[in-house]
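**Student:** To start, I am sharing the structure in question, which I have written as structure tokens.
The values are calculated or read from the model by the stated rules, or taken from the named source; none is laboratory data. Small disclaimer: the values here were computed from a predicted structure and weren't measured. No Cβ is skipped: glycine too gets one built from the backbone with ideal geometry, and neighbour counts run over all protein chains shown. Ligands, DNA and RNA are excluded from the accessible area calculation, which covers all protein heavy atoms including side chains. Shrake-Rupley method; radii C 1.70, N 1.55, O 1.52, S 1.80 Å.
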Amino acid sequence: MSPLRSLIRRQFADQRGPFLIGIALALVPALCGLLLLGLAGWFITACAVAGAAGLAVNYFTPSALIRALAIGRTAGRYGERLMTHDATFRFLARLRGAVFAGFASRRPASAVESRSGLRLARLTLDIDQLDRAYLRFVVPLSVVCVVLAGGAVLAVLLAPAALVPLAVGVVLLTLAARIVARRQLATAARRMEAAEEAMRLRSADFVAGRRDLAIYGGLPAATDAILDAGARRARAEDPLERAASLAEGLVIISGQLILAAGLIVLVPAAAPVAGGEASLSAALVVGLLLTGLGLTEALSSLVPGLAGLTRTERAAARVLPLAEAGDAAQAERRGAPARGPQDGPVAGTTLPPADAGTGIQPALCFEAVRFTYPGAARPVLEDFDLSLAPGETVCLVGPSGCGKSTVLALAARLTRPDDGLIRLGDRPLSTIPEAELRRRLAVISQKPVLFNDTIAENLRLAAPQASPEALWAALDQVGLADTVAARPDGLSAMLGEGGAGLSGGEARRLTLARALLTRPEIVLLDEVTEGLDEATAAGVLASLGAFRSQGASLLLISHRRRELALADRILRLEGGRIAATA
Ligand SMILES: Nc1ncnc2c1ncn2[C@@H]1O[C@H](COP(=O)(O)OP(=O)(O)OP(=O)(O)O)[C@@H](O)[C@H]1O
């Protein structure tokens, strides 16, 4: 199914009632508009004819009807806008949720991908583009179809000859739709998006790196690269604009042809035949012609939707897979894990102790795990085994690029193994619901993320319900309570972007306090003292004692002597597996 069709189906499934009511309401102003023009044309002509013949005419009923139609048209348009936009914005709000859940659930370790900020910008633009599918395409198309069908019925009843111009109009409209749906336009749209992305990327690099560019004389080349991307965008846009203009022209011509053909067919019908009456009254002919004129207005509402069809289709093709991944991730978060081929036993399954000799169930265990980055020639981990006993502290060392961070990413389920089993206690990692996993396992990286918010809210990221007393206790355990208490606003003190306002060591200790709040069973630490001076690093390491006193198992990555001294065991990773234990 085409992405556009899937998108429309999704919106229909999400907003069934408002979706249909919106279309029904859109018919009201369109039909009122047509009848208004037709009736007005008929009425004016009938009055003129009656005046010329000196006959009396009832003008109360038609003028009241005209007024009612004018009011109906305005009210209908208001109601239609309200309903269709409300339905669309509600749908998009939900879709955004699903898309961002999908974005968040993607393998963060996937190979060289475009920068996440730019991807996010692209996604935001894509989702905004999707409002066109219903508002600019489905609604006007439904209206045009109903109006044309109504026009055909009227023509059959009143003047079958008028079916000819209607048929001409329909043929031209179909042609217009085919023009904008041509495959070559998809290529032009792809080129245009690539050029837009290049423009954004180059501009962002230009702004961020202008000092280095100036130092190394790279400013002219960087400027040329932006201009070049702009020129490529303009070139790619050309066929799209031409097709849109051609389609618009055809829509307008189809409207005019309906009118012209109407004139040809209907005017002679109004002429009296020899020795008898005209088959159609002059008033009816004028009424029908003006209705045809109104039809062109309905047709022109199709133009914006047709012009943006290729881009809407491409945006839907990018957004929908993410939304589907988001649906799966949200279902998993509710406790029904989406299962893959390497997911091992089903949820709720408990496994026998990994260490059959001692009968002790390890806190975390890797069994014959293999993992390869997408596009990489060789696996990073192959037949990899690791076992972390409850309360144990293990330090993982090894040469740069040997896969230490990959082990942590797998343990944190930020990515999944190609083969083998990872278990948390007696359960396969893949079967543990997301919320439970995040509560039981904490990850602390060398670049902890703190948000532009209060200290309390930064801590509550891990435990939203935590009381102020619990927050102070956690701060106390990492030796940060006095520092926070010394601030006039205490826990309500605001942090700047990325935790600005705290020193490097304080920021890291704050993330440790955040992790402590969930009382994790396992803590994964990736070079947490990297970039800190000796004294600060010692303070951070001392804070790790708080986890140990809670009974947690620690898996550390580090090359530093001070971290190694903390470990019960040191494991050396080399060639994809543990090469030595100390
Ligand atoms: N997203 C990715 N896509 C493809 N290959 C990757 C990706 N991330 C890491 N790699 C590769 O996988 C290997 C292991 O990377 P990893 O970051 O786990 O190593 P590491 O031992 O933690 O290195 P370091 O000590 O330098 O931090 C490296 O060769 C790296 O180039």
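**Student:** Would you mind working out the magnitude of the charge dipole of the stretch 364-581 relative to its Cα centre, with +1 at each Lys and Arg C-beta and -1 at each Asp and Glu C-beta, to the nearest 20 Debye?
**Tutor:** Using only the charged Cβ atoms, the result is roughly 240 debye.
**Student:** What FRET efficiency would be calculated for the residue pair Glu436, Tyr216, taking the C-beta separation as r and a Förster radius of 41 Å, to the nearest 0.05?
**Tutor:** FRET efficiency, Glu436 to Tyr216: 0.20.
**Student:** For Thr393, which sequence-distant residues (separation of 5 or more, or a different chain) have an amide H within less than 5 Å of its own amide H, given hydrogens modelled in the peptide plane?
**Tutor:** Long-range HN contacts for Thr393: Leu554, Asp568, Arg569.
**Student:** Additional query: Between Asp568 and Val449, what's the calculated FRET efficiency when r is the beta-carbon distance and R0 is 25 Å? Round to 0.05.
**Tutor:** Computed FRET efficiency for Asp568 and Val449 comes out at 0.30.
**Student:** Moving to a separate point now. State, to one decimal in nm, how far the label point of Asp224 lies from the label point of Ser2, with both points 7 Å from Cα in the Cβ direction.
**Tutor:** 4.1
**Student:** Still on this structure, I have one more. Work out the length of the dipole vector of the chain about its Cα centre, built from +1 on the beta-carbon of each Lys and Arg and -1 on the beta-carbon of each Asp and Glu, and round it to the nearest 20 debye.
**Tutor:** Magnitude of the dipole: close to 920 debye.
**Student:** With n ≥ 4 as the cut-off for DSSP H runs, can you work out [θ] at 222 nm for the chain, using -39500 (n - 2.57) per run divided by the number of residues, rounded to the nearest 500?
**Tutor:** -20500 deg cm²/dmol
**Student:** When the chain is fully extended, how far beyond the present Cα-Cα distance does Ala271 get from Leu154, taking 0.36 nm per residue of separation?
**Tutor:** Taking Ala271 through Leu154 to full extension adds about 40.1 nm, to one decimal.
**Student:** If packing is taken as the average count of other Cβ atoms within 10 Å, what order do 189-197, 27-35, 521-529, 487-495 fall into, highest mean first?
**Tutor:** Per-residue mean Cβ counts within 10 Å order the peptides as 521-529, 27-35, 189-197, 487-495.
**Student:** With every protein chain kept in place and ligands, DNA and RNA left out, what is the accessible area per residue of the stretch 152-230? Probe 1.4 Å, answer in Å².
**Tutor:** Spelled out: the 1.4 Å probe surface of the stretch 152-230, per residue, equals 61 Å².
**Student:** Using modelled amide H (1.01 Å from N, peptide plane; none on Pro or chain starts), what sits under 5 Å from the amide H of Asp383, excluding residues fewer than 5 places away?
**Tutor:** Under 5 Å from the amide H of Asp383: Val369, Arg370.
**Student:** Where does the chain land on the Kirkwood hydrodynamic radius, alpha-carbon pairs, in angstrom?
**Tutor:** For the chain, the Kirkwood estimate is 29.8 Å.
**Student:** Then there is this: Modelled label-to-label distance, Ala53 and Leu120, 7 Å Cα→beta-carbon offset: nm?
**Tutor:** The answer from the label model is 7.4 nm.
**Student:** Roughly how many whole Å is it from the C-alpha centroid of the stretch 22-68 to that of the stretch 494-529?
**Tutor:** The distance from the Cα centre of the stretch 22-68 to that of the stretch 494-529 comes to 74 Å.
**Student:** Mind listing the Cα extents of the stretch 364-581 along all three principal axes, in Å, largest one first?
**Tutor:** 54, 37, 34
**Student:** Once you put a point 7 Å from the Cα of Ser203 and another 7 Å from the Cα of Asp489, both along the Cβ direction, what distance in nm separates them?
**Tutor:** For Ser203 paired with Asp489, the spin-label model returns 3.3 nm.
**Student:** Per residue of the stretch 455-462, what does 6.51 cos²θ - 1.76 cosθ + 1.60 with θ = phi - 60° give for ³J(HN,Hα)? Whole Hz please, x for Gly and Pro, Karplus curve as stated.
**Tutor:** Here the 3J(HN,Hα) series is 4, 4, 5, 5, 6, 6, 3, 7 Hz.
**Student:** Express in whole angstrom the spacing between the alpha-carbon centres of the stretch 362-423 and the stretch 450-484.
**Tutor:** Going from one Cα centre to the other spans 31 Å.
**Student:** What residue among Ala155, Thr581, Gln184 has its Cα farthest toward the positive end of the dipole of the chain, where the charges are +1 on Lys, Arg and -1 on Asp, Glu, each on the Cβ?
**Tutor:** Among Ala155, Thr581, Gln184, the one farthest towards the positive end of the dipole of the chain is Ala155.
**Student:** I'd like the Karplus ³J(HN,Hα) series for the stretch 373-382: coefficients 6.51, -1.76, 1.60, θ = phi - 60°, whole numbers in Hz, and an x wherever there's a Gly or Pro.
**Tutor:** 6, x, x, 7, 6, 10, x, 7, 10, 9
**Student:** For the chain, give the percent of accessible area contributed by carbon and sulfur heavy atoms, probe 1.4 Å, rounded to a whole number.
**Tutor:** 61
**Student:** Using the charge dipole of the chain (Lys, Arg: +1 at Cβ; Asp, Glu: -1 at Cβ; taken about the Cα centre), state which of Gly38, Ala466, Gly551 has its Cα farthest towards the positive end.
**Tutor:** Gly38
**Student:** Then there's this: With the dipole of the chain worked out from charges on the C-beta (+1 for Lys and Arg, -1 for Asp and Glu) around the Cα centre, which of Leu175, Gly17, Thr431 lies farthest toward the positive end?
**Tutor:** Farthest along the dipole direction, towards plus: Leu175.
**Student:** Sticking with this one: Could you calculate the contour length gain from Ala535 to Ala70, that is, 0.36 nm times the residue separation minus the distance between their Cα atoms, to one decimal place in nm?
**Tutor:** So the chain would gain 159.4 nm between Ala535 and Ala70.
**Student:** What are the ³J(HN,Hα) values, in whole Hz, obtained from phi via the Karplus relation 6.51 cos²θ - 1.76 cosθ + 1.60 with θ = phi - 60°, for each residue of the stretch 442-449 in sequence order, with x given for Gly and Pro?
**Tutor:** Couplings: 10, 10, 10, 9, 6, 10, x, 9 Hz.
**Student:** Separate question: So how tilted is helix 183-208 from the main axis of the chain? Cα-based, degrees 0 to 90, rounded to 10.
**Tutor:** 50
**Student:** Classify the stretch 56-184 as rounded, prolate or oblate from the Cα gyration tensor: take a ≥ b ≥ c as the square roots of its eigenvalues, call it rounded if a/c is under 1.5, otherwise prolate when a/b beats b/c and oblate if not.
**Tutor:** Verdict is oblate for the stretch 56-184.
**Student:** Given a Förster distance of 22 angstrom, what is the FRET efficiency for Arg94 paired with Ala317, based on the Cβ-Cβ distance and rounded to 0.05?
**Tutor:** 0.70
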